[in-house]
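Trainee: After the structure tokens below, expect a handful of questions from me.
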Amino acid sequence: MENLKKYSYQNLLANNKNWAAKKTNASPTYFPNLAKGQSPEFLYIGCSDSRLPINVMTNTDPGHIFLHRNIANMVHQHDTNLESVLEYAIHSLHVKTIIVAGHHKCGGVAAALGPKSEGVIDDWISPIRSVYANNKKELDEHICTADRLSELNVIAQIKSLTQTRPFLKALSTKNTPNLVGWVLQLETGLIKDIPLPLDEWKKDEILPQTFVNTP
Ligand SMILES: [Zn+2]
């Protein structure tokens, strides 16, 4: 961490001016076009961790990824904030794919492996404790319990997402978005695609047999 430069807020404003000028020089219509509206292909639900700028990691321009971030990329039932994002992304923006992304070295996941505390965050991440309890043997034997728990948490949060009101509404239409689980590997910068147990979820009637996932 010592080699990381510290920015002042004045640095941020100065950098912004340079960036906007560079973009405008390259294409004078860039910002006017961007201001006309958005039609993103993806909704991304990820962790708030500062080391995960998904547009940078995927080398994508503004306008393609609709974003929701919270600690440990959680999908709680009846979280009005997330459900609003889902409703707008699915039913107004018609995103093609929803990505839920966890990451290695996640502080939220590490906290869920530690002793309980009195803080708000402990309430927020309590479902991860259940993911651990339900997969204790596999996790305890894994070479990195926390990183594997991040992966299983992504699967658990996508399962939760399928039961939210906006997604259930989407299932009743022909415009159900695809589902993708990612884990961002901080140690290499690479994204790992996590297979989803869709057949199992169909068998357990969490998803209808008609659900097709073609991201
Ligand atoms: Zn995190």
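The values are calculated or read from the model by the stated rules, or taken from the named source; none is laboratory data. Treat the numbers as computed from the prediction; the structure is a model and nothing was measured. Here the Cβ positions follow ideal geometry from the backbone for every residue, glycine too, while neighbour counts run over all protein chains shown. Note: areas computed on protein heavy atoms with side chains; ligands, DNA, RNA excluded. Shrake-Rupley method; radii C 1.70, N 1.55, O 1.52, S 1.80 Å.
Trainee: Can you tell me how many residues within region 50-69 are within 16 Å of the ligand (Cβ to nearest atom) and open to solvent by 30 Å² or more (accessible area, probe 1.4 Å)? If you could, list the steps in order and put the result at the bottom.
Mentor: To start, the set of residues in region 50-69 that are within 16 Å of the ligand (Cβ to nearest atom) comprises 50-54, 57, 67-69.
From what is left, the residues that are open to solvent by 30 Å² or more (accessible area, probe 1.4 Å) are 50-51, 53, 57, 67, 69.
Count: 6.
Trainee: While we're on this one: Of everything in region 77-99, what is within 16 Å of Ile54 (Cβ to Cβ) and among the β-branched types (Val, Ile, Thr)? Give them in sequence order.
Mentor: Those that are within 16 Å of Ile54 (Cβ to Cβ) and among the β-branched types (Val, Ile, Thr): Val85, Val95, Thr97, Ile98, Ile99.
Trainee: Also, quick follow-up: Tell me which residues, restricted to region 1-40, are under 30 Å from Leu82 (Cβ atoms), part of a loop (DSSP other than H, G, I, E, B) and open to solvent by 60 Å² or more (accessible area, probe 1.4 Å).
Mentor: Residues satisfying the conditions are Tyr7, Ala35, Lys36, Gln38, Ser39.
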